[in-house]
Amino acid sequence: MSILVQKFGGTSLSNEFARSHVIDHIKSAYEQNYKLVVIVSAMGRRGEPYATDTLIELIKNNGDQLPPKETDLLLGCGEIISASVLCSLLNQASISSEVLTGSQAGVLTTNQHNKALIKSIQPNRIMQLLDQNKVVIITGYQGCNETGDLTTLGRGGSDTSATAIASALNAEMVDIFTDVEGILTADPRIVEDAKPLKKVSYIEICNMAQYGAKVVHPRAVEIAMHSNIPIRVRSTFSKDEGTLVTNNEALQEQSVVHDRLVTGITHVPNVSQIHITASQGQYDLQLKVFKAMAQQQISVDLINVTPSGVMYTVHDHEIKKAISTLHDLEYDPFYQSNCAKVSVIGGGINGVPGVMAKIVEALTEADIQILQSADSNTTIWVLVHANHVNKALKALHKKFNLHK
């Protein structure tokens, strides 16, 4: 039995026109004799009546005192509405379907409300419905804890639901439908000549998602990678198969990784840089600084540690707290806000000479100052001033010929 999991995001379900395309995609897969599981998000984006952000805003405007458990009860309503509407439309199209909440689908989570983690999935009820040749519609983004309380999985939770359920069912593929034509080499709102990618590795898309691309959540990709289940990121409004996300071995068989040095350019805005210089013989500065950041629950990134001091970044909204904490330790840090972290990502980077030279060349030619850098096997990061980020993305995109 070939099982296909399809996930439809909020924009795919937001209006009658979009939902008609959703029905077409489901009907197409159904006619190919797939056993179908459909994961849905809440309809629409902020401001639209059933969107998750709209429900959050409703509470903020009405006391703003809803406890986490009850907040999850409210936020779970968006996906239930989507699933119910889709069930009605499928039945109208003579496609037998049934709705399961995350709990009914066997999704067991941790107790942490608003950002729970999936512990296990018992897919027996899903399998029973698939055996009855029904399309099983499951509310994404939610499950339940061991006491039966509804829990939600946090941002990107519907993507995570889709790949986790696919893993539990040993599905053939996960199709994630969104409002763009798959994964692109850069943000098309900034880089006009960004191109769609036909195939990428799990590691590449994890890095792209973690460092600025918003097409699919990195936690969802990690689950698919561990289960070796391919993902296709597709447009709801097109028949195109979009971008295939799979393992390195499958890509190397097709010479994709070998032939492509860089896969994409992404960025994370609203970053602040902190630089603390150590006094002569002050060998415990690094320990004190990072222990203090951890105690204050401040996330640090882009870390450079040397005998002469430390340099790292925090989110702009945490810079005041970070600097106050360092002042309490009697340090006098240099800092600058309004920065952005630009990432050059590619499975072909590892072990290839000259990649950093090309990055520096591109940014120097564009008169962009590099404030800091770091690298891993598949990614090189540079920190730039926020007002240079668009120019940096375009320069790097062109330098690595991603426009071609």
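So for region 248-404, what are the equivalent ellipsoid semi-axes in whole Å, largest first, each being the square root of 5 times an eigenvalue of the Cα gyration tensor? Numbers along the way, then the final one.
Numbers: eigenvalues 218, 59, 39 Å².
The equivalent ellipsoid of region 248-404 has semi-axes of 33, 17, 14 Å.
Tally up the carbon and sulfur contribution to the accessible surface of the chain as a whole percent, 1.4 Å probe, everything protein left in place. Numbers along the way, then the final one.
Details: 9150 of 18830 Å².
After summing per-atom areas, the C and S share lands at 49 percent.
Using only the Cα atoms of region 120-212, build the gyration tensor, take square roots of its eigenvalues as a ≥ b ≥ c, and label the shape rounded, prolate or oblate: rounded if a/c is under 1.5, else prolate if a/b is larger than b/c, else oblate. Display every interim value, and only then the final one.
Working: a/c = 2.64, a/b = 1.85, b/c = 1.43.
Here region 120-212 falls in the prolate category.
Looking at region 132-186, which GluC sites (Glu not before Pro) are DSSP coil and have at most 13 other C-beta atoms within 10 Å of their C-beta?
Details: sites: E146, E172, E181; in loops: E146, E172, E181.
Within region 132-186, the qualifying GluC sites (Glu not before Pro) (loop, at most 13 other Cβ atoms within 10 Å) are E146.
Leaving out ligands and nucleic acids, note down the accessible area per residue over the chain with a 1.4 angstrom probe, in whole Å².
Details: 18830 Å² over 404 residues.
For the chain, the solvent-accessible area averages 47 Å² per residue.
How would region 140-277 be classified by its alpha-carbon gyration tensor: rounded, prolate or oblate, with rounded meaning a/c under 1.5 and the a/b versus b/c comparison settling the rest? Don't skip to the end; give the middle numbers.
Working: a/c = 1.62, a/b = 1.15, b/c = 1.40.
Cα axes put region 140-277 in the oblate bin.
What is the Å³ per residue value for the convex hull set by the Cα atoms of region 103-147? Kindly include the intermediate steps, with their values, before the conclusion.
Numbers: hull volume 2.7 nm³, N = 45.
Dividing the Cα hull volume of region 103-147 by its residues yields 60 Å³.
Over the alpha carbons of the chain, what is the largest minus smallest coordinate on each principal axis, giving the biggest first in Å?
75, 52, 34
Determine one quarter of the surface area of the Cα convex hull of region 328-404, which equals its mean projected area, and express it in nm² to one decimal.
Numbers: hull surface 26.1 nm².
Quarter of the Cα hull surface area: 6.5 nm².
Pairs of Cα atoms under 8 Å, at least six residues apart: use those to get the relative contact order of the chain, whole percent.
This gives 13 percent for the chain.
Can you show me the helix-derived [θ] at 222 nm for the chain, built from DSSP H runs with n ≥ 4 at -39,500 (n - 2.57) apiece and divided by the number of residues, rounded to the nearest 500. Present the calculation step by step, with values, prior to reporting the outcome.
Values: 13 runs with 143 residues, N = 404.
Taking each H run of at least 4 residues, the total per residue is -10500 deg cm²/dmol.
How much accessible area does C339 have with a 1.4 Å probe, in Å² rounded to the nearest 10?
Here the residue's solvent-accessible area equals roughly 0 Å².
Near the amide H of Q6, under 5 Å away, which other amide H atoms are found, from residues 5 or more places off or on another chain, if H is placed in the peptide plane?
V37, V38, I39, D175
Would you kindly calculate the mean projected area, averaged across all directions, of the convex hull enclosing the Cα atoms of region 1-122, in square nanometres? Each step should come with its number before you reach the end.
Numbers: hull surface 33.2 nm².
Taking the Cα atoms of region 1-122, their convex hull projects to 8.3 nm² on average.
What distance in nm separates the two pseudo spin-label positions at Q104 and E172, each 7 Å out from Cα along the beta-carbon direction?
Roughly 2.7 nm, to one decimal.
Only loop residues by DSSP count here, and only those with at most 16 other Cβ atoms within 10 Å; note down the trypsin sites (Lys or Arg not before Pro) in region 43-95 that meet that.
Values: sites: R45, R46, K60, K69; in loops: R45, R46.
Answer by residue number: R45, R46.
On a full-extension model of 0.36 nm per residue, what is the gain between E365 and K60, subtracting their alpha-carbon distance, rounded to one decimal in nm? All intermediate terms of the calculation are to be shown ahead of the outcome.
Values: separation 305, 0.36 × 305 = 109.80 nm, distance 4.74 nm.
Gain on stretching E365 to K60: 105.1 nm.
The values are calculated or read from the model by the stated rules, or taken from the named source; none is laboratory data. None of the values given here were measured: they were computed from a predicted structure. We place every Cβ from the backbone using ideal geometry, glycine too, and count neighbours over all the protein chains shown. For the accessible areas, the whole protein counts, side chains as well, though only heavy atoms, and no ligand, DNA or RNA atoms are used. Shrake-Rupley method; radii C 1.70, N 1.55, O 1.52, S 1.80 Å.
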